[in-house]
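Notes for the one structure printed next.
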Amino acid sequence: LDRLNLDRLPTPEFSLDKEKWPQTWRGYLAGVGGMGIGTATAVLVMAAKKEGWRALFCDKKGLAIRNGGVYSMLTFTRPDAPYTSNVIPYGKADVILGVDLLEALRALDPKSFQRIGSQDRTSIIVNSHRTPTILQLLGQEEWNFEAIENQLKDWAQPGQYFSADVSQVSE
């Protein structure tokens, strides 16, 4: 963990006073098959329920090892909040957790009907590890990962972007 620069992380503001919680909080997890998006979603849903939130989620499964994008949409609401959808509306995600850089970018594409992030409200946390696509492995395509990270920073709420090579730390 010494390799991670945690100085950029602000101290979380946490209150057990449930009246101070927002009415609705939305999170998006992005990755590819085999990265544990479904497992992470299950853990977050169980934790939210344990803490008293109403927890809704929507999973999209994919094929393992870079053949299919996977995402989970999480919607947590206070028990007294009006019921809402488990699908995140356009631009309404509070946080994007990108286990894969390219899949996190897809969630922010302004041309996509499924853009869930916005500069007004979305914090972005990404694994900066470069997971090659099939076309990259075949030598038919190359990505500029620095440009992708810069684009993610531009699309995040100002000052609300964090990245680290979590895959390397995990190894």
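The values are calculated or read from the model by the stated rules, or taken from the named source; none is laboratory data. Every value quoted in this text rests on a predicted model; they were computed, and no experiment measured them. Virtual Cβ from ideal backbone geometry, glycine too; neighbours counted across all protein chains shown. Side chains are part of the model used for accessible areas, which takes the heavy atoms of the whole protein and leaves out ligands, DNA and RNA. Shrake-Rupley method; radii C 1.70, N 1.55, O 1.52, S 1.80 Å.
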Residues of the stretch 19-53 satisfying the condition of being modelled with pLDDT of 90 or more, among the aliphatic types (A, V, I, L, M) and closer than 17 Å to Arg106 by Cβ: Leu29, Ala30
Residue match in the stretch 132-152 (condition: buried (at least 18 other Cβ atoms within 10 Å of the Cβ) and without any contact (Cβ under 8 Å) to a residue 40 or more places away in the chain): no
Selected residue (only one of Ser170, Ser128 is under 22 Å from Leu9 (Cα atoms), of a type in the set (Gly, Ala, Ser) and in contact (Cβ under 8 Å) with a residue 24 or more places away in the chain): Ser128
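Kindly establish whether Glu13 is in a helix (DSSP H, G or I), of a type in the set (Asp, Glu) and either open to solvent by 30 Å² or more (accessible area, probe 1.4 Å) or at pLDDT below 90 (or both).
Working: in a helix (DSSP H, G or I): no; of a type in the set (Asp, Glu): yes; either open to solvent by 30 Å² or more (accessible area, probe 1.4 Å) or at pLDDT below 90 (or both): yes.
No; evaluated as a whole, the condition is false for this residue.
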Whichever residue in the stretch 17-32 is free of Cβ contacts under 8 Å to residues at least 24 places away in the same chain and not in a loop (DSSP other than H, G, I, E, B) and, among such residues, is farthest from the chain's Cα centre (by Cα): Glu19
Those residues of the stretch 18-32 which are open to solvent by 50 Å² or more (accessible area, probe 1.4 Å) and within 18 Å of Asn86 (Cβ to Cβ), in sequence order: Pro22, Gln23, Trp25
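Answer yes or no: is there a residue in the stretch 40-47 that is assigned to a loop (DSSP other than H, G, I, E, B), open to solvent by less than 80 Å² (accessible area, probe 1.4 Å) and either touching a residue at least 24 places away in the same chain (Cβ under 8 Å) or in contact with a His (Cβ under 7 Å, 6 or more places away or on another chain) (or both).
If we filter the stretch 40-47 for residues that are assigned to a loop (DSSP other than H, G, I, E, B), which is where we start, we get none.
No, the conditions are met nowhere in the stretch 40-47.
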The one condition in (1) outside any loop (DSSP other than H, G, I, E, B); (2) surrounded by 15 or more Cβ atoms within 10 Å (Cβ to Cβ) that Met35 fails to fulfil: (1)
When residues of the stretch 81-114 are limited to those that are in contact with a helix residue (DSSP H, G or I) (Cβ under 9 Å, 6 or more places away or on another chain), under 26 Å from Arg54 (Cα atoms) and not aliphatic (A, V, I, L, M), the one least open to solvent (accessible area, probe 1.4 Å): Gly98
Test for Asp120: is it open to solvent by 90 Å² or more (accessible area, probe 1.4 Å) and closer than 13 Å to Asp94 by Cα: yes
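Against the definition (part of a strand (DSSP E or B), aliphatic (A, V, I, L, M), at pLDDT 90 or above and open to solvent by 30 Å² or more (accessible area, probe 1.4 Å)), how does Leu56 come out, yes or no?
On the way: part of a strand (DSSP E or B): yes; aliphatic (A, V, I, L, M): yes; at pLDDT 90 or above: yes; open to solvent by 30 Å² or more (accessible area, probe 1.4 Å): yes.
Answer is yes for this residue.
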